[in-house]
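Working notes for the structure below.
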Amino acid sequence: MKKQKKHNGYTLSETLITIILFLLLCLSMYSAIRLGTRTFTRNTAYVNLKESAQVLANAITNEAKQAVTNSSLGSSGYLGVSPSIGPGGVLYPNENSTGLTTNYIQFNEINGTNFDPTVSGFSRTNPENYLKVRYYTLQGVVYREQITYDSTGTVLQTTNDAFAQLDNGIIDISVSYVSKKEYELVITVTKDGNSFTTRRTIYIFTV
């Protein structure tokens, strides 16, 4: 009587089940890794947007709060604003735009090249002692405009430099008038479906 041989290997069904379970495990691991990668990428992008918005908001705030009153005749200072406004370093937005928001802020600051009270004949109403600065957005890019004047109030030079921009992203600026010494700045940055908004209150040191 012949003895039946014992088969110690796996059957075809057992092998297929093992392969299927292994593939399911690999798929689950891949899905988890992919989800983790997406989450990390999204979080990293959000953090980068947050940092970009905060750096920009701080830069504009730190310069704008140095605004000074320019009482020169002509267009260089507040006397050249129409409708007329009271003395103040910030030209736009102003008391005529209460309750409204603008996509830019414009102000006067000292022209360090010319402003020197120790010089004989120095006059605080001399237009060449001041700069007119404007931060604004155009097609999602933030620009800084700077205008210099001569002693007669004639424009010497106007420069418009890209101050901040995002590759394939958009930056928006919104500014609201609160009082002569207080303005609200809102910066919103958007890229790849992510968006972050930061707010700053600009307190003007001098009026």
Any residue in the stretch 155-168 that is buried (at least 19 other Cβ atoms within 10 Å of the Cβ), modelled with pLDDT of 95 or more and either of a type outside the set (D, E, K, R) or over 20 Å from the mean Cα position of the chain (by Cα) (or both)? no
Is it the case that TYR183 is touching a residue at least 60 places away in the same chain (Cβ under 8 Å), closer than 22 Å to PRO87 by Cβ and touching a helix residue (DSSP H, G or I) at 6+ places or on another chain (Cβ under 6 Å)? no
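What residue, of GLU145, GLU128, is of a type in the set (D, E, K, R), in contact with a Phe, Trp or Tyr (Cβ under 8 Å, 6 or more places away or on another chain) and part of a strand (DSSP E or B)? Reasoning before the result, please.
Numbers: GLU128 fails: part of a strand (DSSP E or B).
Testing whether each residue is of a type in the set (D, E, K, R), in contact with a Phe, Trp or Tyr (Cβ under 8 Å, 6 or more places away or on another chain) and part of a strand (DSSP E or B) leaves just GLU145.
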Could you grab me the full set of residues in the stretch 152-182 that are of a type in the set (D, E, K, R), over 21 Å from ARG200 (Cα atoms) and assigned to a strand (DSSP E or B)? ASP161
Somewhere in the stretch 65-74, is a residue on the phi > 0 side of the Ramachandran plot and touching a helix residue (DSSP H, G or I) at 6+ places or on another chain (Cβ under 8 Å)? yes
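Starting from residues that are surrounded by fewer than 17 Cβ atoms within 10 Å (Cβ to Cβ) and at pLDDT 90 or above, keep the ones in the stretch 196-207 and report whichever is farthest from PRO93 (Cα to Cα). Let's see the steps before the verdict.
Residues of the stretch 196-207 surrounded by fewer than 17 Cβ atoms within 10 Å (Cβ to Cβ): 197, 199, 201, 203, 205-207.
Narrowing further to those that are at pLDDT 90 or above: 197, 199, 201, 203.
Values: THR197: 20, ARG199: 16, THR201: 14, TYR203: 14 Å.
Going through the qualifying residues, I end up with THR197.
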Is it fair to say THR125 is surrounded by fewer than 12 Cβ atoms within 10 Å (Cβ to Cβ) and either within 21 Å of THR206 (Cβ to Cβ) or in contact (Cβ under 8 Å) with a residue 12 or more places away in the chain (or both)? no
Residue identified as β-branched (Val, Ile, Thr) and touching a residue at least 40 places away in the same chain (Cβ under 8 Å) among THR159, THR98, THR137: THR98
Failed condition for TYR143, given (1) out of contact with any Ser or Thr (no Cβ under 6 Å at 6 or more places or on another chain); (2) at pLDDT below 95; (3) at negative phi, with all others met? (2)
Residues (out of contact with any Asp or Glu (no Cβ under 9 Å at 6 or more places or on another chain) and part of a strand (DSSP E or B)) located in the stretch 131-141: LEU138, VAL141
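The values are calculated or read from the model by the stated rules, or taken from the named source; none is laboratory data. Note that the structure is a prediction, hence the values are computed from the model and not measured. Quick reminder, even Gly has a Cβ in these numbers, built from the backbone with ideal geometry, and neighbours come from all protein chains shown.
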